[in-house]
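The values are calculated or read from the model by the stated rules, or taken from the named source; none is laboratory data. This is a predicted model, so every value here is computed, not measured. Using ideal geometry, Cβ is built from the backbone for each residue, glycine included, and neighbour counts are taken over all protein chains shown. Protein only, heavy atoms only, side chains kept; ligands, DNA and RNA dropped before computing areas. Shrake-Rupley method; radii C 1.70, N 1.55, O 1.52, S 1.80 Å.
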Amino acid sequence: MNTSAEQPSPAACDPLALAHTHPEWSAKEPVTRGQRITAILLMALIVFGLIRAPLATARLLVLLCTVFYLVATIYKMWLVRSATQPGAFFRFTPEMIAAEEPREWPVYSIIVPMYKEPETIPQMIAGLKALDYPPERLDIQLLLEADDDATLNAARAQVLPPQIRITEIPPSFPRTKPKACNIGLHLARGKYLVIYDAEDKPEPDQLKKAVMSFDRSPDNVVCIQSCLNYYNPRYNLLTRWFAADYSAWFDLCLPGLAARRTVIPLGGTSNHFNTQVLRDLLGWDAYNVTEDCDLGVRLARAGYETRMAETTTWEEACSNLRFWIRQRTRWQKGYIQTWLVHMRRPFRLLRELGLRNFLHFNLLIGGSVFATLINPFFWIMALVWFIFRPVGVDALFPGWVFAMSAFCLFVGNFIFVYINLLGCYRRRYDSLMWANLLTPIYWALMSISGWRAFLQFFSNPFHWEKTQHGLSS
Amino acid sequence: MASPRNKLVEWLLPLLAAILFVGLLAPRGSDVAVRSWTFDGICREMVAGTTEGRQALVGSLWHAPLPTLAGLPAAALLPGGGAVPLVSRVTVLIALACLFRLLLHFCRRSLPPWTGFDCWLITLLLLASRAEAVLEPQAAVTLTVATLTLIKFADWYATRQLEDLVKFAFALALLALCGAPLAGLTLLLALLLPIVALLDPVRRPRFQGLLILGLLPALYAMGIWTLMSRLILSDALYACRFLIRGLTRWQGWSINALQFHDIAALACCGLLALLAAAHRDQRTTLLGLGGVALGIWILVLHGLGFAWAAGTATTMLTLIALLMLIATLQAAHAHPPARIRRGAALLCTAVLAVAWVRGALQEPGYRSITQSRQTRCALLDAIENDVMSRTPYGRIFVCSYRGLGLLEGEQRERFVACLDLHVGTLRERYTRQNLFLLVPRPEAEAALECTVWRHGDIYSHGMERALFAGDWGDWRLYEIVTAPLAEQLDEWRR
């Protein structure tokens with residue numbers, strides 16, 4: 001292992017290398033000229049249609065949205081069904097891990113980006129110390145902003161074990177987590193690398209499970225995603241919804257994608273990488289506020305695969321509505337960024353991903369944001385129809401469109417709630433299931449943050465709305 | 001590779017299923033042709049987007065939403081009156097093919113790919129030979145869903161897999177949407193779920209989760225049905241109103257209500273269930289329990305005075321007996337020694353075959369769909385002529401679900417289908433016209449409709465403002481008496 005004397009300097013690293021060398025892969029330019037022209041033409045076409053043939057145009061729009069809803073519903077069902085396939089997870093029992101010993105475990109790098117969260121330092125260090133991995137094979141970096149005195153002081157006040165070191169990130173624009181991670185990647189010494197957030201509590205044997213997963217995977221598998229969940233799911237109604245949502249996403253949907261060997265939008269933390277491949281891909285996009293999701297797509301475009309391992313990292317669910325909306329806003333803004341970045345050249349994307357992955361990408365990344373944006377309109381239409389029964393609304397849903405819409409309204413929405421319930425059941429969160437019968441309210445909150453994200457994307461695309469931790473304690 | 005003997009069994013099982021199927025699954029106690037026309041009529045009205053179609057979708061427990069929805073694609077794709085019987089046949093064809101597939105899957109768990117084709121072929125042959133009399137679409141869909149539900153429950157009971165529970169939960173929701181014919185089975189399965197969850201020490205800690213996952217889809221389906229009923233008919237419990245009548249006229253339990261074929265099927269279920277229990281075959285034992293529950297449900301229907309509605313339950317009971325028979329044969333083949341199981345299966349086959357022959361000899365011949373069409377055309381002509389002889393401005397409202405069947409494929413402007421009868425509304429909407437009501441005799445399912453529970457006196461002496469005007473077999477005509485309008489009086493005075 002290298003000593004700290006041999007450590008390269010953070011200053012020698014270009015954390016914006018991706019934006020500098022491959023600007024077409026970076027969200028630095030949020031919308032390209034071609035995309036702007038396409039959007040304007042599309043809007044003009046819709047406005048023209050609404051003026052010249054309002055009913056026909058409105059019907060066409062309703063039809064397209066309805067088909068989208070139908071496809072999204074069937075797709076989600078299919079994903080959840082896929083999660084029961086044998087290849088969905090790598091599963092290792094304690095006996096299997098014990099059977100690996102004695103062996104030479106590879107050097108494992110852990111990077112923990114932190115900003116203005118001094119209160120989490122003791123808990124985080126305790127969590128890292130609890131990892132069941134040979135300490136001499138660990139290379140842990142706390143990535144702290146050089147001007148964040150409070151966190152720096154708190155970290156320096158701790159007696160850090162030799163495998164943990166502090167890396168100071170020089171202040172520069174943009175002040176985002178991926179920029180710090182890129183510096184951490186540059187300084188990492190391990191064969192594998194994982195990111196944890198400050199408040200994360202990974203299961204102690206997670207690193208060993210990740211190594212064993214890599215060992216049992218083909219060479220093109222360069223990322224292992226762990227499950228994420230919350231240690232405070234019962235704090236309030238919001239955390240109950242949030243925990244169910246995460247359970248459905250990480251325990252059902254992502255394993256479904258992994259089972260189908262498709263593109264996976266990575267979760268924020270606990271993604272384990274082959275360090276060298278990550279360096280070859282120039283790390284994270286410092287301008288993308290969901291850099292993990294973007295990286296998952298770039299891995300797939302480069303011909304690599306991501307798999308899931310059945311090991312959990314416990315996080316803190318945001319329990320305050322205001323902060324929750326801000327967090328969701330960032331995520332959805334990042335999804336918009338990611339979708340626009342990769343759809344700059346749709347045919348190239350299609351060629352690189354293949355049709356199957358291309359459809360997955362559009363449904364998962366573009367589709368999820370699109371749904372949160374159009375949902376309010378359809379909910380209002382449904383409510384108006386139920387309460388006032390106006391003739392005009394009927395006219396928008398002729399024949400088969402009505403049948404499909406009714407299916408999506410009554411069956412599709414129920415299926416989405418039921419998937420959350422399944423996630424809870426699988427996580428043994430039985431007591432959270434009643435709260436999830438109110439999930440439609442949670443969807444309304446998602447739509448609020450979706451629209452906020454959409455507007456913020458144009459006004460402040462790189463703004464990182466930081467999640468406030470420690471609210472539940 | 002499968003041995004020649006195994007291959008023979010793989011071919012023989014579908015064949016055995018087919019032979020027993022064709023013989024035993026003919027419905028009893030209901031007129032296939034009439035119900036098929038009614039089904040087609042509902043589908044056509046739905047496709048046309050009429051109010052009557054929407055009312056028919058949610059307004060009856062005997063013409064429940066799911067079978068109608070299953071028939072809609074066929075009705076939409078096969079336009080025109082001439083193609084009408086095809087809608088029924090296509091629906092039945094698909095339902096039977098699914099049923100076969102389920103049967104064989106249950107018996108063999110994993111099937112060779114060609115068995116799907118095998119099933120379709122047998123079903124097609126069946127339909128070609130007895131297309132009009134095998135099954136009505138609603139019963140076919142209900143039976144398929146019920147079989148799926150039972151099998152999935154048995155699977156979950158045996159495996160404890162979450163996937164099986166989810167499939168069972170959604171199948172139960174579909175069964176709930178099939179309405180009253182097998183409501184007893186639906187209730188039994190809904191009750192069994194918490195009981196199994198409580199009794200099993202492995203499942204007990206997850207009781208709350210199991211209850212929500214297992215029953216929520218069915219409760220939601222019922223909730224949507226109720227909501228739609230409230231929105232379309234302004235009465236959330238419209239489809240259940242008849243129950244008050246049935247419950248107040250409870251006729252008591254009588255074992256004599258069971259026919260010979262019911263008893264034969266029940267006996268087979270009981271015997272094979274005991275045998276399965278002795279061999280620790282949980283899935284087959286549970287099926288037997290389902291059979292016994294259906295026997296009780298048939299008795300309940302008789303007690304409520306709905307003996308005419310027991311056809312689907314009887315057919316389902318026979319189907320379960322058949323299913324258990326094949327499962328027993330398969331188990332005997334796969335897990336020797338097999339002497340006792342083979343003997344029992346042979347005995348049951350003989351009993352079921354006797355029941356089939358006896359039933360075939362005793363049952364009256366079914367009217368074919370073509371015959372039914374000619375009859376109803378003649379009826380409509382006669383009524384139309386009668387009304388025309390009274391007034392040139394006559395309009396006839398054909399009440400009840402049977403009315404939808406009566407008018408199916410007919411382009412007659414003088415006749416209007418009417419399910420939710422409100423005489424005042426009709427008078428307001430059709431001023432200056434002489435209005436007539438055509439009402440079916442209050443027999444069988446027609447006795448459960450709003451003409452009976454809302455306007456029951458119409459059958460005794462004609463209701464308020466409606467006078468008896470004629471009798472045509474199963475139908476009665478009433479004339480709505482309307483006070484002349486002021487301008488009409490002025491006109492007459494002039």
Amide hydrogen neighbours beyond the local backbone of B:Asn434, cut-off 5 Å, H modeled:
B:Tyr393, B:Gly394, B:Arg395
Distant-in-sequence amide H partners of A:Leu266 (H built 1.01 Å from N, under 5 Å)
A:Cys293, A:Gly296, A:Val297
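Rounded to two decimal places and with Rh computed the Kirkwood way over Cα pairs, what is Rg over Rh for the stretch A:393-467? Mind dumping the intermediate values first?
Values: Rg = 17.3 Å, Rh = 15.4 Å.
Here the Rg-to-Rh quotient is 1.13.
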For B:Lys152, counting only lysines whose alpha-carbon sits under 18 Å away and dropping same-chain residues fewer than eight positions off, the answer is B:Lys167
Which of the residues in the stretch A:384-401 show a loss of at least 40 Å² in accessible area from their chain by itself to the complete set of protein chains, at a probe of 1.4 Å?
A:Phe386, A:Arg389, A:Trp400
Phi angles of the stretch B:213-228, converted by Karplus (6.51 cos²θ - 1.76 cosθ + 1.60, θ = phi - 60°) into ³J(HN,Hα) in whole Hz with x for Gly and Pro, give 5, x, 9, 4, x, 5, 5, 5, 4, 5, x, 5, 4, 5, 4, 4
Interchain or sequence-distant (5+) residues whose placed amide H lies within less than 5 Å of the amide H of A:Met308 are A:Phe90, A:Gln225
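How many Å² of accessible surface get buried when A and B come together, counting both sides, probe radius 1.4 Å, rounded to the nearest 100? All intermediate terms of the calculation are to be shown ahead of the outcome.
Working: alone 20720 and 22340 Å², together 40980 Å².
The buried area between A and B, both sides summed, comes to about 2100 Å².
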Heavy atoms only, probe 1.4 Å: what % of the accessible area of the stretch A:185-308 goes to carbon and sulfur, would you let me know?
45 percent
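Return one whole number: the accessible area per residue of the stretch B:369-493 in Å², for a 1.4 Å probe.
Values: 6140 Å² over 125 residues.
Computed with neighbouring chains in place, this is 49 Å² per residue.
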Grab the alpha carbons of the protein assembly as shown, take their convex hull, and tell me the volume per residue in Å³.
205 Å³
How much of B:Ser254 can a 1.4 Å solvent probe reach, expressed as accessible area in Å² and rounded to 10?
50 Å²
Extent along principal axes [Cα atoms of the stretch A:185-247; Å; largest to smallest]:
43, 27, 19
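Using a Förster distance of 45 angstrom, determine the FRET efficiency expected from the C-beta separation of B:Gln161 and B:Asp490, and round it to 0.05. Before the final figure, lay out the partial values.
Numbers: r = 78 Å, r/R0 = 1.74.
It comes out at approximately 0.05.
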Overall dimensions of the stretch B:369-493 as given by Cα atoms, namely Rg and Dmax in Å:
14.8, 52
For A:Glu136 and A:Asp14, what does the FRET efficiency come to when R0 = 22 Å and r is the distance between their Cβ atoms, rounded to the nearest 0.05?
0.10
Accessible solvent surface per residue of chain A, calculated while the other protein chains remain in place, 1.4 angstrom probe, Å²:
42 Å²
Check each residue of the stretch B:181-206 and keep those whose accessible area, probe 1.4 Å, is at least 10 Å² smaller with all protein chains in place than in the chain alone; give them in order of residue number.
B:Arg206
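To two decimal places, what compactness ratio does the stretch A:54-155 give when its Cα radius of gyration is scaled by 2.2 N^0.38 Å?
On the way: Rg = 24.5 Å, N = 102, 2.2 N^0.38 = 12.8 Å.
Compared with the compact-globule rule of thumb, the stretch A:54-155 sits at 1.92.
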In the stretch A:73-90, what residues drop by 10 Å² or more of accessible area when the other protein chains are put back, versus the chain on its own? Use 1.4 Å, and skip ligands and nucleic acids.
A:Arg81, A:Thr84
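Between the DSSP loop rule and a limit of at most 14 other Cβ atoms within 10 Å, which chymotrypsin sites (Phe, Trp or Tyr not before Pro) in the stretch A:356-449 are left? Spell out each step's value before the answer.
Working: sites: A:Phe358, A:Phe361, A:Phe370, A:Phe377, A:Phe378, A:Trp379, A:Trp385, A:Phe386, A:Phe388, A:Trp400, A:Phe402, A:Phe407, A:Phe410, A:Phe414, A:Phe416, A:Tyr418, A:Tyr425, A:Tyr429, A:Trp434, A:Tyr442, A:Trp443; in loops: A:Tyr429, A:Trp434.
For chymotrypsin sites (Phe, Trp or Tyr not before Pro) across the stretch A:356-449 that sit outside H, G, I, E and B with at most 14 neighbouring Cβ atoms in 10 Å, the list reads A:Trp434.
For the stretch A:1-132, which whole-number percentage of the solvent-accessible area (1.4 Å probe, protein heavy atoms only) is attributable to carbon and sulfur atoms?
Values: 5170 of 7560 Å².
That share works out to 68 percent.
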Extent of the stretch B:203-258 along each principal axis, from alpha carbon coordinates, in Å, largest to smallest?
42, 38, 17
What does the helix-only formula give at 222 nm for chain A: each DSSP H stretch with n ≥ 4 adding -39500 (n - 2.57), the total divided by the residues, and the result rounded to the nearest 500 deg cm²/dmol?
-16000 deg cm²/dmol
Heavy atoms only, probe 1.4 Å: what % of the accessible area of the stretch B:369-493 goes to carbon and sulfur, would you let me know?
47 percent
Measuring from a point 7 Å past the Cα of B:Tyr393 along Cα-to-C-beta, which residues in the stretch B:417-444 have an amide N at less than 11 Å?
B:431-435
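Say the cut-off is 29 Å between C-alpha atoms; which of A:Lys129/A:Lys179; A:Lys28/A:Lys208; A:Lys116/A:Lys201; A:Lys76/A:Lys179 go over it? Walk me through the numbers on the way to the answer.
Working: A:Lys129/A:Lys179 26 Å; A:Lys28/A:Lys208 36 Å; A:Lys116/A:Lys201 19 Å; A:Lys76/A:Lys179 33 Å.
Over 29 Å Cα-Cα: A:Lys28/A:Lys208; A:Lys76/A:Lys179.
Which order do you get for A:Lys116, B:Lys152 if you rank them by accessible area with a 1.4 Å probe, largest at the top?
Details: A:Lys116 130, B:Lys152 25 Å².
The ranking, largest first, comes out as A:Lys116, B:Lys152.
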Partner shielding of B:208-217, taken as the mean number of other chain Cβ atoms within 10 Å, equals 5
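Could you give the Stokes-Einstein D for the stretch B:429-469 in µm² per second, using the C-alpha Kirkwood radius, 37 °C, 0.692 mPa s?
The Stokes-Einstein estimate is 292 µm²/s.
Evaluated at 4 °C with a viscosity of 1.567 mPa s, what Stokes-Einstein diffusion coefficient in µm²/s does chain A have when Rh comes from the Kirkwood expression over alpha-carbon pairs?
Working: Rh = 23.5 Å.
Value of D from the Cα-based Kirkwood radius: 55 µm²/s.
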